[in-house]
């Protein structure tokens, strides 16, 4: 439970001044543009707060995380979802999905592992499917250096590699079309939505 508690404390401290997790979650749910019949895959579900919001809108959510402690917390929050214990570095989706959600996951992976995961997820998208990514960013201007310092304390030096990634460009390279890209939480979070073309 310490793992879950530490995660939730970090989220509150980092997002609290910007409306907290609830406000960010509302942006993510809106960006997903969910329909009741959508098949949703959430990779890196953590303690299930976003999973619960997803299950309130669709009937099929598969939530994946490598941490048994996080999955136990997620099952309590979102009993309507299906859960799988798997490492994002090797996880391969089975079957097509309409929406894939990655919330604060990619920064935890090496650039190579993140690129490979995105490639596997892009292939799994059904025609017209959406890939929704929300993760750390660095604001521009005078607060940039200070925020990068905060992220290094919380996430470690690996955060520098993630902040250097041009996510819209990476997704376009996977034959996805970026339909939304915005900065949230005062520029400290990025939300990017990409979709696969519909069948003609």
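Here, each number is a calculation from the coordinates, and none is a lab measurement. Remember, it's a predicted structure, so these values are computed and weren't measured experimentally. Every residue, glycine among them, receives a Cβ derived from its backbone with ideal geometry; neighbour counts consider all protein chains shown.
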*What percent do you get for the relative contact order of the stretch 81-145 when only Cα pairs under 8 Å and 6+ apart count?*
42 percent
_Helix-only mean residue ellipticity at 222 nm, the chain, DSSP H runs n ≥ 4 weighted -39,500 (n - 2.57), per residue, nearest 500. What is it?_
-12000 deg cm²/dmol
*Hey, got the Cα dimensions of the stretch 127-200 along the principal axes, in Å, largest first?*
48, 22, 16
*asked:* Could you check the spin-label model distance between residue 110 and residue 57? Points 7 Å from the Cα along Cα→Cβ, value in nm.
replied: 3.5 nm
*asked:* Pairs of alpha-carbon atoms within less than 8 angstrom and 6+ residues apart define the contacts here; what relative contact order does the stretch 143-200 have, in percent?
replied: 24 percent
_Alpha-carbon centroid distance for the pair the stretch 91-161 / the stretch 27-72, whole angstrom_ = 16 Å
*Dividing the alpha-carbon radius of gyration of the stretch 52-142 by 2.2 N^0.38 Å (N being the number of residues), what value is obtained?*
1.16
*Using the Kirkwood radius over Cα pairs, work out the Stokes-Einstein diffusion coefficient for the chain at 37 °C and 0.692 mPa s, in µm²/s as a whole number.*
193 µm²/s
_the chain - percent relative contact order, Cα under 8 Å, separation 6 or more_ = 19 percent
